[in-house]
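Heads up, the thing below is written out as structure tokens.
The values are calculated or read from the model by the stated rules, or taken from the named source; none is laboratory data. These numbers come from a predicted model, not from an experiment. Cβ coordinates were reconstructed from backbone atoms using ideal geometry, including for glycine residues, and neighbour counts include every protein chain displayed. Accessible surface is based on the protein model in full, side chains and every heavy atom, while ligands, DNA and RNA are left aside. Shrake-Rupley method; radii C 1.70, N 1.55, O 1.52, S 1.80 Å.
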Amino acid sequence: MAEICAFQGWRYDVAQAGDLTDVVAPPYDVIDEAQQAALYARHPYNVVRLDLNRSEPDDVTPDARYERAASLWKHWRVDGVLRQEHEEALYVYHQEYSWEGRTFLRKGIVGRLRLEEFGAGKVFPHEQTLSGPKADRLKLIRASRANFSPIFGLYSDPNCDIQRQIDDHCIGLTSLEANDDNGVRNRVWVVTDPAAINRAKEALLEKPVFIADGHHRYETSLNYRNELRAAGKLANENAPPNFILATLVSLQDPGLTVLPTHRLVQGLPGLTAAAVQEALAGTFETEIAGTGAAGAREAWELVAADGGQDVLGFGCAADQQWIFARCLDPSAMDALAADHSPAWRDLGVSLLHTLVLGKLLASRVTGAGPELRYVHRDSEVAEAVRSGACDLGCLVPPATVDHVEEIAGGLETMPPKSTYFYPKLLSGLVFHSLT
């Protein structure tokens with residue numbers, strides 16, 4: 001079963017910390033060095049010092065930053081910067097945001113989710129993980145014994161009844177508010193009513209949960225729990241390390257937005273539109289969408305308007321031309337990815353990585369292989385092609401929540417960076433102690 005539980009979370013005392021906007025941060029894995037420095041400068045209690053503590057010149061060991069984060073976590077609680085909830089609670093979390101000129105409201109429930117081995121329960125991953133981020137998160141969780149940011153989980157509730165019922169309980173309650181750097185308005189309500197908590201818990205109990213974001217943190221928490229269990233250091237099955245901080249959102253929530261993740265490819269120097277068309281001939285039908293920024297816009301509009309997964313856009317830095325391509329022969333993926341399901345083989349990102357880059361353009365790649373960077377706006381791809389910051393810009397249709405549910409439910413994982421759920425959940429709104 002997927003078990004979500006109330007808990008006594010730790011939260012910032014705004015009397016000491018001030019405006020929540022100044023102390024929250026995005027998830028650690030989207031923070032670069034410049035943003036990390038900006039968050040450090042923003043406030044001495046910013047959560048980045050816990051979740052992504054930076055190395056300092058006088059560090060004696062490479063792991064000193066994890067111990068420093070653990071020390072801050074301890075002292076902020078002792079000093080009253082963070083205070084623990086008096087009662088067990090679930091937290092209602094709303095995010096109001098704009099994208100492409102439209103305003104959305106995404107709603108979720110924050111609690112602690114019981115950890116389950118993948119394939120043995122009702123928690124399913126949808127993307128592959130990497131060893132480096134898991135090693136980093138394991139060092140942090142061993143040092144701090146806490147969850148500083150929630151994972152993002154999805155569950156099916158066609159009428160969003162579970163969310164609506166707990167939202168109704170928040171009428172008349174005061175919300176906590178924070179704005180992020182993208183202008184997203186984040187609001188949180190603390191729900192301690194036992195009846196409201198039990199209704200939500202019981203309704204969620206038989207729901208499969210699909211991890212949208214936080215795969216590395218989930219697997220790390222599993223590994224940490226298993227370490228403690230093997231060492232005989234878990235008091236019982238309800239001890240805090242058996243759980244992870246999680247925000248759950250309905251797959252049918254009207255505010256749930258999945259953005260495309262486009263690719264910027266290096267390692268194809270001098271590649272022209274004519275060469276791409278030649279390589280794709282017979283497997284794709286292609287047409288020139290245009291040149292420069294106008295060509296990029298046209299290519300993306302054709303991809304977006306189609307709405308399918310069998311279309312891609314390509315921009316070549318060598319001649320500034322843009323191509324719209326449609327796969328004519330999806331069966332070409334059958335032999336290349338025979339160990340994957342039809343749903344996985346049909347994904348646009350799978351077509352790009354396995355068929356286009358892995359086969360049709362493979363002979364043109366220089367060095368050890370293509371190097372990829374990832375962006376989410378077609379304008380970013382257009383600029384990278386214009387400036388020569390990449391050799392090939394690839395416009396990819398976004399995977400949908402239906403893909404996540406089907407592929408993850410079949411115990412498969414998508415290629416890395418297949419989905420980008422926007423906006424990101426903030427770190428610092430509530431913390432989960434593992435002690």
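Working note: Karplus 6.51/-1.76/1.60 with θ = phi - 60° gives the stretch 6-16 the couplings 6, 7, 8, x, 9, 9, 4, 7, 5, 5, 9 Hz, where Gly and Pro are set to x.
Among Leu280, Ala196, Pro208, whose Cα sits farthest toward the positive end of the charge dipole of the stretch 193-287 (+1 at Cβ of Lys/Arg, -1 at Cβ of Asp/Glu, about the Cα centre)? The residue sitting most towards the positive pole is Ala196. Gyration tensor analysis over the Cα atoms of the stretch 230-313 returns equivalent ellipsoid semi-axes of 46, 20, 12 Å (largest first, whole Å). Helix 64-78 and the long axis of the chain differ in direction by around 40°, with both axes built from C-alpha atoms.
For the stretch 188-257, the alpha carbon positions stretch 44, 30, 24 Å along the principal axes, listed from largest to smallest. Spin-label model, Thr61/Gln16: points 7 Å from Cα along the beta carbon direction are separated by 2.8 nm. Across the stretch 320-334, coupling constants 3J(HN,Hα) worked out from phi with the 6.51/-1.76/1.60 Karplus curve, θ = phi - 60°, read 6, 9, 10, 10, 9, 10, 10, 6, 8, 10, x, 5, 4, 7, 4 Hz, and Gly and Pro carry x.
Accessible surface area normalised per residue over the chain is 42 Å², counting heavy atoms of protein chains with a 1.4 Å rolling probe.
Amide H to amide H, with H built 1.01 Å from N, Phe284 comes under 5 Å of Leu328, counting only residues 5 or more places away or on other chains. Normalised by the number of residues in the chain, the mean separation of alpha-carbon contacts (under 8 Å, six or more apart) gives a relative contact order of 24 percent.
With N the number of residues in the stretch 195-343, Rg(Cα) / (2.2 N^0.38 Å) evaluates to 1.60. For a quick check of your reading of the filter: which GluC sites (Glu not before Pro) in the stretch 201-287 sit in a DSSP loop and have no more than 16 other Cβ atoms within 10 Å? In loop regions of the stretch 201-287 (DSSP not H, G, I, E or B), the sparsely surrounded GluC sites (Glu not before Pro) are Glu206, Glu237. With all pairs of separate Cα atoms included, the stretch 130-173 yields a Kirkwood hydrodynamic radius of 13.9 Å. As a fraction of the 1.4 Å probe accessible area of the chain, surface on carbon and sulfur atoms comes out at 48 percent. For the stretch 54-202, the Kirkwood estimate of hydrodynamic radius, built from reciprocal distances between every pair of different alpha carbons, is 18.7 Å. For Leu351, the accessible surface of its heavy atoms amounts to roughly 10 Å² (probe 1.4 Å, protein chains only, rounded to the nearest 10).
Taking 18 Å as the straight-line reach from the Cα of Lys359, the aspartates and glutamates in range (excluding those fewer than 8 positions away in the same chain) are Glu278, Glu285, Asp310, Asp329, Asp334, Asp339, Asp346, Glu371, Asp391.
For the stretch 270-309, compute the orientation-averaged projected area of the C-alpha convex hull (one quarter of its surface), in nm². Mind dumping the intermediate values first?
On the way: hull surface 13.4 nm².
Average projection, Cα convex hull of the stretch 270-309: 3.3 nm².
Compactness of the stretch 148-214 is given as radius of gyration and Dmax, 13.7, 36 Å, from Cα positions. Applied to the stretch 270-280, the Karplus parametrisation 6.51 cos²θ - 1.76 cosθ + 1.60 on θ = phi - 60° returns per-residue 3J(HN,Hα) values of x, 5, 10, 4, 4, 5, 5, 4, 5, 5, 8 Hz, with x for Gly and Pro.
Selection among Leu82, Thr103, Ala38 by position relative to the dipole of the stretch 7-110 gives Thr103 as farthest towards the positive end (Cβ unit charges, Cα centre). Cross-link partners for Lys122 among the lysines, with Cα-Cα distance under 25 Å and sequence neighbours closer than 8 places in the same chain left out: Lys107, Lys134, Lys201, Lys207, Lys417, Lys424. With Cβ to Cβ distances under 15 Å as the rule, what net charge do the other residues near Gly172 carry (K, R +1; D, E -1)? Net local charge, Gly172 excluded: -2.
Hey, in the GNM for the chain with a 10 angstrom Cα cutoff, which one of Thr21, Thr291, Thr61 fluctuates hardest? Sorting by GNM fluctuation, first place goes to Thr61. Take the Cα coordinates of the stretch 303-435, assign each an equal point scatterer, and use the Debye formula without solvent to give log10 I(q)/I(0) at q = 0.09, 0.10, 0.17 Å⁻¹. Debye output, listed in q order: -0.33, -0.40, -1.00. Straightening the chain between Thr174 and Trp99 buys 24.3 nm, computed as 0.36 nm per residue apart minus the Cα-Cα spacing.
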